[in-house]
Amino acid sequence: MSKQKNEDTGTDESRNYISKTGNTGRVVVSRLKTGSDLLRSLEEIIEEKGVRSGVIMSGVGLLSHAKLRNCRTLPDEFPITDQNRSYLSFEKPSEIIGLSGNVGIADGKPLIHAHLTLSYIEDEAIRVIGGHMIEGSTVFGFAEIIIMELTDIEMIKKYDEETKTLQYFTK
Amino acid sequence: MSKQKNEDTGTDESRNYISKTGNTGRVVVSRLKTGSDLLRSLEEIIEEKGVRSGVIMSGVGLLSHAKLRNCRTLPDEFPITDQNRSYLSFEKPSEIIGLSGNVGIADGKPLIHAHLTLSYIEDEAIRVIGGHMIEGSTVFGFAEIIIMELTDIEMIKKYDEETKTLQYFTK
Amino acid sequence: MSKQKNEDTGTDESRNYISKTGNTGRVVVSRLKTGSDLLRSLEEIIEEKGVRSGVIMSGVGLLSHAKLRNCRTLPDEFPITDQNRSYLSFEKPSEIIGLSGNVGIADGKPLIHAHLTLSYIEDEAIRVIGGHMIEGSTVFGFAEIIIMELTDIEMIKKYDEETKTLQYFTK
């Protein structure tokens, strides 16, 4: 495993990305039970296990109801605010068919940033919805979530001049 | 890499989740060919490679037809049965745009639990469907699937009092 | 970690899959900025970091517009060509809710093969689209992408007799 080129490229403001390498850590396997709030339970788990940087590898399960945030319009100027967003509650049962995201640090505490993909049945057909995971999505039966810890890297949310919001910077 | 807090929290029945850490193992890279049943081929592969616990990291490819299971209604009492589910066959070509899930052990044998996300074209627009992966989804051309083995952990399906079905417990 | 059964099973043409194991390498954590082309930036990143084989573990973020390719029809005979495909441009803001795929080698250079899942708002409802990631999807604000390098394996695109296109073979 080569370790060259591991510097954070984020200090160069002219670039259109920042990028840094870390290494694999432990893998946290969890099964959430009926009534769990998906986001809150994952926050509890990474706190309990001491995961400070990580990546969500997989999520499958069932929700009794869901709440998702999506971006509806782009602002003329940053930041993106709630005026640009839609918060939608979804009251039907839905399958978690995708969960993508990461664990970083904001204000010294672990923060999960994840997007959900959900399938459900309507008029005998399958529909899919998705969006940013917020509090308010409740497990029914089970949700199996696997998170990998990252080592030798920290993803720290800091104020970002361009977007006027917190963005992660690595170190 | 810290190893503290690695106990299974699942023995405490008052909690709304069980969670345990393992470590990364080998990574199995596979290309399925035309005519392969997606689920059956993955089962063959993990059996051949001796993977007993794992996580599906990625799936891309094309299907000639697909079969998906979704939960349509929640039961008043557990367990969830086929009366709560819809099985839908889909006869158009579709792209595998997501495959999320895990490898555990049921009855001493490796078991894949995965949810699929598929895109296809209808009326010149892109549609997306998804759900629980069951037998009956057939590869056309190729499907590239990457599975990571987990070590120092076992995800074993056992009868669960709450849901009245098999759920995984870790050890 | 057992190392048995690590041979590439792809040499046996009678099988409906090829499969080989590698090991985990570095993990590349990136944040793309406003205006980045998603695919081109990821190509730049893996080139810069020297990743030759890998798997996309996670992607979350926002796009100002997107371009996706899907398979519309199956050919009577291989290869699949653009006559079988639809290229669709999408001009609304959309959330990246899934990014699945891998990094292989074609013509000696790293190649990203990935499928995107996107959510957006239309008529106050959440819609989801997806497909093969091509050039033309532009980041707004941020996109956080995590790629794991694979070691002890190479995924090399070579001409495949069955599909009459480049497919990856492992070594």
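The values are calculated or read from the model by the stated rules, or taken from the named source; none is laboratory data. Since we're looking at a predicted model, the values are computed, not measured. Here the Cβ is made from the backbone with ideal geometry for all residues, glycine too, and neighbour counts use every protein chain on show. Calculation scope for accessible area: heavy atoms of the full protein, side chains included, ligands and nucleic acids excluded. Shrake-Rupley method; radii C 1.70, N 1.55, O 1.52, S 1.80 Å.
Observations on the model:
- Förster radius 25 Å - calculated FRET efficiency between B:N84 and B:R15 (Cβ-Cβ, nearest 0.05): 0.45
- Residue pairs exceeding 26 angstrom between C-alpha atoms, taken from B:K49/B:K92; A:K171/C:K33; A:K49/A:K157; C:K109/C:K164: B:K49/B:K92.
- Under 11 Å, Cβ to Cβ, from C:E135 - net charge with Lys/Arg +1 and Asp/Glu -1: +1
- Take C:K158, move 7 Å from Cα toward the beta carbon, and the resulting point lies 4.7, 4.7 nm from the same point in each other copy, nearest first.
- If R0 equals 25 Å, the separation of the Cβ atoms of B:I105 and B:E77 corresponds to a calculated FRET efficiency of about 0.35.
- Scalar couplings 3J(HN,Hα) for the range A:121-138, obtained by applying the Karplus form with A = 6.51, B = -1.76, C = 1.60 to θ = phi - 60°, are 10, 9, 6, 6, 10, 8, 10, 10, 10, x, x, 5, 6, 10, 4, x, 9, 10 Hz; x denotes Gly and Pro.
- Per the Kirkwood formula applied to alpha carbons, the protein assembly as shown shows a radius of gyration over Rh ratio, Rg over Rh, of 0.93.
- Applying both filters, DSSP loop and at most 15 other Cβ atoms within 10 Å, to the GluC sites (Glu not before Pro) of the range A:81-127 gives A:E91, A:E124.
- Label-to-label distances for A:Y87 across copies, nearest first, come out at 4.1, 4.1 nm, using points 7 Å from Cα in the beta-carbon direction.
- Using a 1.4 angstrom probe on protein heavy atoms only, the contact between C and A buries about 4300 square angstrom of accessible area, both sides summed.
- Rounded to the nearest Hz, the phi-derived 3J(HN,Hα) couplings of the range B:81-90 under the Karplus curve 6.51 cos²θ - 1.76 cosθ + 1.60 (θ = phi - 60°) are 10, 5, 5, 8, 10, 10, 10, 10, 9, 10, where x marks glycine and proline.
- Between helix C:38-49 and chain C there is an angle of about 50 degrees, using the helix long axis and the longest principal axis of the Cα atoms.
- Comparing B:E77, B:E135, B:E47 in a Gaussian network model of chain B where C-alpha atoms under 10 Å apart are linked, the largest mean-square fluctuation is found at B:E77.
- Accessible-area composition of the protein assembly as shown, carbon plus sulfur, in percent [1.4 Å probe]: 47 percent
- Distances between copies at A:R72, taken between label points 7 Å from Cα along the C-beta direction, are 3.2, 3.3 nm in increasing order.
- Cα centroid separation, the range A:29-72 to the range C:57-96: 29 Å.
- Computed from label points 7 Å out along Cα-Cβ, the spacing between B:A125 and C:D152 is 4.9 nm.
- Cβ neighbours within 10 Å from other chains - mean over A:105-111: 0
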